[in-house]
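Participant: Can you keep this structure in mind? I'll have questions shortly.
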Amino acid sequence: PKRFILTCMNNIKYIPDFYLPHENKYIEIKGQIRNTAWDKISYFWFEYPEIKLEIWGIKDLKEKGIL
């Protein structure tokens with residue numbers, strides 16, 4: 001898995017759940033999103049705006065036929 005360093009959060013590492021190479025994007029799976037998770041995701045988007053990251057919840061997984 002790819003690790004991203006979030007310098008805004010004292011060099012914390014952020015590792016998305018999946019990478020879809022055919023779409024060149026990362027996926028983060030969340031059932032319930034706590035504030036700390038939102039912080040990491042927000043800082044990721046701030047520090048790596050050129051990298052695609054999508055957040056998928058249970059509804060998204062059901063729509064895609066994964067659940």
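Participant: What residues of the stretch 1-44 lie in the reach of a label at residue 67, counting those whose backbone N is under 12 Å from a point 7 Å from the Cα along Cα→Cβ?
Facilitator: The answer is 29-33, whose backbone nitrogens lie closer than 12 Å to the label point.
Participant: Taking the 0 to 90 degree range and rounding to the nearest ten, how far is the long axis of helix 35-47 tilted relative to the main principal axis of the chain, both from C-alpha atoms?
Facilitator: That works out to roughly 70 degrees.
Participant: Considering the dipole of the chain built from charges on the beta carbon (Lys and Arg +1, Asp and Glu -1) around the Cα centre, which of 67, 9, 57 is farthest to its positive end?
Facilitator: Value: 67.
Participant: A further question on this structure: If you average the sequence gap of Cα pairs under 8 Å that are 6 or more apart and divide by the length of the chain, what percent do you get for the contact order? Before the final figure, lay out the partial values.
Facilitator: Working: 76 pairs, mean separation 19.1, N = 67.
Relative CO of the chain lands at 29 percent.
Participant: Pull up the cross-link candidates among the aspartates and glutamates for residue 25, meaning alpha carbon to alpha carbon under 18 Å and not fewer than 8 places away within one chain.
Facilitator: By straight Cα distance, residue 25 reaches 17, 47, 50, 54, 60.
Participant: Roughly speaking, to the nearest percent, how much of the stretch 1-48's 1.4 Å accessible area is carbon and sulfur? Spell out each step's value before the answer.
Facilitator: Working: 1750 of 3450 Å².
Whole-percent figure for carbon plus sulfur exposure: 51.
Participant: Antiparallel DSSP bridges in the chain: what percent, to the nearest 5?
Facilitator: Details: 6 of 11 bridges.
Approximately 55 percent, going by the DSSP bridge assignments.
Participant: Over all distinct Cα pairs, what is the inverse of the mean 1/r for the chain, reported as the Kirkwood hydrodynamic radius in Å?
Facilitator: Values: mean 1/r = 0.0791 Å⁻¹.
Evaluated over the chain, this radius sits at 12.6 Å.
The values are calculated or read from the model by the stated rules, or taken from the named source; none is laboratory data. If you're wondering where the values come from, they're calculated on a predicted model, not measured in any experiment. Positions of Cβ are backbone-derived with ideal geometry, glycine not excepted, and every protein chain shown enters the neighbour counts. Note: accessible area is taken over every heavy atom of the protein model, side chains too, but ligands, DNA and RNA are not part of it. Shrake-Rupley method; radii C 1.70, N 1.55, O 1.52, S 1.80 Å.
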